[in-house]
Amino acid sequence: MVDGLGGDYPLIAIAGPTATGKSALALFLAERLGGEVINYDSVQLYRGFDIGTGKVLPDERRGIAHHLIDRLDPVESFTAGDFRRDALGALAGIRKRGRVPILAGGTGLYLRALLLGLFDGPPRSEELRN
């Protein structure tokens, strides 16, 4: 069991290729199961990236809480480790409210980081990246 996920609490993860209806399925399940959606699409984290991402816009969310969407400005960096930390926080809040967490998105690395964790290694090096 990965620290922070809690093995006895239900969690739904919707995965699949682009444009297959993952967001629609997440909304459908959230309405019927009392859920909240956690986005794990790396592009949908950014404000202003609404075209070409399949992002569910605020007026299409049917009052269902969506987490980790429109959180960042386009110039901000965000790693899989950042995602894991923020997603664990969102999961804790959803569980505290007695709701069902529904993960939907298209960045497999983020889903893997959340469900399986990350290796302990050095932080990224801006010098090396440059």
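The values are calculated or read from the model by the stated rules, or taken from the named source; none is laboratory data. Computed from a predicted model, the values in this text were never measured in an experiment. Neighbour counts are summed over all protein chains in view; Cβ atoms, including those assigned to glycine, are modelled from backbone coordinates with ideal geometry. Just the protein is used for accessible areas: all its heavy atoms, side chains included, with ligands, DNA and RNA removed. Shrake-Rupley method; radii C 1.70, N 1.55, O 1.52, S 1.80 Å.
Would you mind calculating the gained length between Glu126 and Thr20 on full extension (0.36 nm times residue separation, minus the Cα-Cα distance), in nm to one decimal?
On the way: separation 106, 0.36 × 106 = 38.16 nm, distance 3.61 nm.
Extending this stretch completely gives an extra 34.5 nm.
Spin-label point model (7 Å from Cα, Cβ direction): what's the Glu60 to Leu118 distance in nm?
Spacing of the two 7 Å Cα→Cβ label points: 2.9 nm.
Towards the positive end of the charge dipole of region 12-130, with charges on Cβ (+1 Lys, Arg; -1 Asp, Glu), say which of Leu33, Leu109, Gly54 has the farthest Cα.
Leu33
Calculate one ³J(HN,Hα) per residue across region 34-45 by plugging θ = phi - 60° into the Karplus curve 6.51 cos²θ - 1.76 cosθ + 1.60, and present them in order as whole Hz with x for glycine and proline.
In residue order, the calculated couplings are x, x, 10, 9, 10, 6, 10, 9, 4, 7, 5, 5 Hz.
How do the peptides 39-47, 80-88, 57-65, 118-126 rank, highest first, by the average count of neighbouring beta carbon atoms within 10 Å per residue? Don't skip to the answer; put the middle values down first.
Details: 39-47: 21.7, 80-88: 17.9, 57-65: 11.2, 118-126: 8.0.
My ranking of the peptides, most packed first, is 39-47, 80-88, 57-65, 118-126.
In nanometres, what is the gap between the two model label sites at Leu109 and Glu31, each 7 Å from Cα along Cα-to-Cβ?
Label-label distance for Leu109 and Glu31, simple model: 3.5 nm.
For the chain, return all DSSP H helices satisfying: extent of Cα atoms along own axis at least 15 Å; mean Kyte-Doolittle hydropathy at least -1.0.
22-33, 80-96
If you place +1 on the Cβ of every Lys and Arg, -1 on the Cβ of every Asp and Glu, and leave all else neutral, what size is the dipole of the chain about its Cα centre, to the nearest 20 Debye?
400
Which of the following values of Cα extents along the principal axes in Å was calculated from the structure shown: (1) 40, 31, 29; (2) 48, 37, 25; (3) 36, 33, 29?
Among (1) 40, 31, 29; (2) 48, 37, 25; (3) 36, 33, 29, the one derived from this structure is (2).
Fully extended, how many nm does the chain gain between Ile51 and Leu88 (0.36 nm per residue separation, minus their Cα-Cα distance)?
10.6 nm
Pull up all non-local amide H partners of Ile38: gap of 5 or more, or a different chain, and H-to-H distance under 5 Å with H placed in the peptide plane.
For Ile38, the qualifying residues are His67, Ile102, Leu103, Ala104.
Of all accessible surface on region 40-130 at a 1.4 Å probe, what whole percent is carbon and sulfur?
Accessible surface attributable to carbon and sulfur in region 40-130 totals 53 percent.
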